Amino acid sequence: MSNKNIYDVIIIGAGPAGLSFACSLIELNLKVMLVERSTLSSISNPTPDGRETALTHNSLKILQNLGVWGLIDQTKVSPLKEAKIFDGDSDSLLNFAANKSSIDALGYLVPNHLIRLALYQKASKSDNLTIINELSVESVDTSFSGGEVILSDGQTLESRLIVAADSRFSEIRRKMGIESTMKDFSKVMIITRVSHEKDHNQVALECFNYGHTLALLPLNGNISSVVLTVPTDEADQMLNMDSEKFCKFASEGFNGSLGEMTQIGDRFSYPLVGVYAQKFRSTRFALIGDAAVGMHPVTAHGFNLGLRGQDILSKSISKALNSGKDIGSESVLREFENKQIHLSRLMYFGTNGVVSLFTNDDAIAKKIRKLVLKFADRFPPIKTLITKHLTESKKSNLIPF
Ligand SMILES: Cc1cc2nc3c(=O)[nH]c(=O)nc-3n(C[C@H](O)[C@H](O)[C@H](O)COP(=O)(O)OP(=O)(O)OC[C@H]3O[C@@H](n4cnc5c(N)ncnc54)[C@H](O)[C@@H]3O)c2cc1C
């Protein structure tokens, strides 16, 4: 094996998680290889995918520290000032407002492709990082002495540590023999941008209607992202509906509070499947991003969690380097895994519990939904706690969309 094929870290997947991790390793002066199966232009010039990613304050701080936040066009960043949650036909309402706490916004909405673009711009400037495209990792093998991957063109690469960030349907996770819990919600999320007559005042709305869920994410100007979740067997009908009818449906879903709506972007759809890996490490191997925890998007945690996970792993690696330890050793990976479990377990299973309750239209579930919302809204400590989680920079964050 020639030295040119030997690395400190091999990252599999250049989605937002893999790219953030690559950015986090820049300062550590390690020799890093990032392998991505899609084309170079898909990561160097990503196109809109409909997702408006709600970033927490903590994520903002991580992106700032990575030197990535400044690369995002700030005119495209929309502050989220308030969030209101409605339940079916009842008058129950849960409301979170930034101005009731000491911060200016609960979080920030950024088009997903702009986050990916900024991450790529930062990562591609590093001399220690090699990015290869249009090749996938076909097999992976690790032992106490090192790790090895074989690419689709037959090349073999070696490293001290292999990190998979290859999506919630991670093939590498499976190849490493790591089991996962998968939850197929049998629902599809349909997203599109609309313009509307009235001001949204930077307030997000989430309506748990019976049969479907409708959310509105306020973007700068009189523009919003409409997020509709429907059972899979109704998805085609909603995707093929003409835009006038679709906008009327959405507008009525928000009781006409924003006036007439006009679709101004494509409609995108995402099948909803949640994934939680049974463990986040193996010998000289770690899982990050959706490959570790693939969240239901309702609480807007996926990338926020992926960002925190890669931050934890890069800090464990940095600590190991400072104390002369092997970066792929069991103790380094165990520290990462313990923190990642602590960060994600309650969030993942809690989110699934909320989704199950608020998308269940049985009479008993409807009653419990109303009680939960009323209790949470009238009991200030709960709201304060959630708002604190939303905005604090050190603790786990929770945005209810
Ligand atoms: C509708 C929707 C709304 C969302 N909203 C939010 C939000 O508001 N806030 C939030 O924090 N998160 C949100 N998320 C979640 C967020 O988008 C994901 O968590 C994030 O995109 C996952 O990034 P990733 O890098 O882990 O995986 P991916 O983006 O899936 O990237 C995986 C990459 O690995 C590559 N790959 C796969 N296999 C191989 C292989 N064998 N070899 C080489 N390359 C490989 C793929 O080509 C791909 O580029 C949302 C998700 C959805 C669906």
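A few remarks follow.
- Low-density loop positions, GluC sites (Glu not before Pro), the stretch 174-213 - DSSP coil, at most 13 other Cβ in 10 Å: Glu179, Glu197
- Full extension of the chain between Asn133 and His342 gives 71.9 nm of extra length, using 0.36 nm per residue less the Cα-Cα distance.
- Average silhouette area of the stretch 242-360, convex hull of alpha-carbon atoms, in square nanometres: 10.3
- Overall, the accessible surface of the chain at a probe of 1.4 angstrom is composed of carbon and sulfur to the extent of 52 percent.
- Mean Cβ count within 10 Å, highest first, over the residues of peptides 285-291, 326-332, 212-218: 285-291, 212-218, 326-332
- Theoretical FRET efficiency, 1/(1+(r/R0)^6), r = Cβ-Cβ of Glu234 and Asp141, R0 45 Å, to 0.05: 0.50
- Counted over the stretch 101-256 with a bin width of 5 Å, the fraction of Cα pairs per bin, in whole percents, is 2, 6, 11, 13, 12, 12, 11, 11, 10, 7, 4, 1, 0.
- Over 28 Å (Cα to Cα) - which of Lys81/Lys319; Lys61/Lys198; Lys31/Lys175 fall in this group: Lys81/Lys319; Lys61/Lys198
- Fraction of antiparallel bridges per DSSP, the chain only, in percent to nearest 5: 70
- Rolling a 1.4 angstrom probe over the protein heavy atoms with all chains in place gives the chain an accessible area of 44 Å² per residue.
- Against the empirical 2.2 N^0.38 Å (N residues), the chain has a Cα radius of gyration ratio of 1.00.
- Taken over the stretch 158-206, the ratio of Cα radius of gyration to 2.2 N^0.38 Å equals 2.05.
- Residue-wise HN-Hα coupling along the stretch 251-266, computed from phi with Karplus coefficients 6.51, -1.76, 1.60 (Hz; x: Gly, Pro): 4, 5, x, 9, 6, x, 5, 10, x, 5, 10, 10, 5, 10, x, 5
- Over all projection directions, the Cα-based convex hull of the stretch 1-77 averages an area of 6.5 nm².
The values are calculated or read from the model by the stated rules, or taken from the named source; none is laboratory data. Just so it is clear, the model here is predicted, and its values are computed rather than measured. Positions of Cβ are backbone-derived with ideal geometry, glycine not excepted, and every protein chain shown enters the neighbour counts. SASA here: full protein model, heavy atoms, side chains in, ligands and nucleic acids out. Shrake-Rupley method; radii C 1.70, N 1.55, O 1.52, S 1.80 Å.
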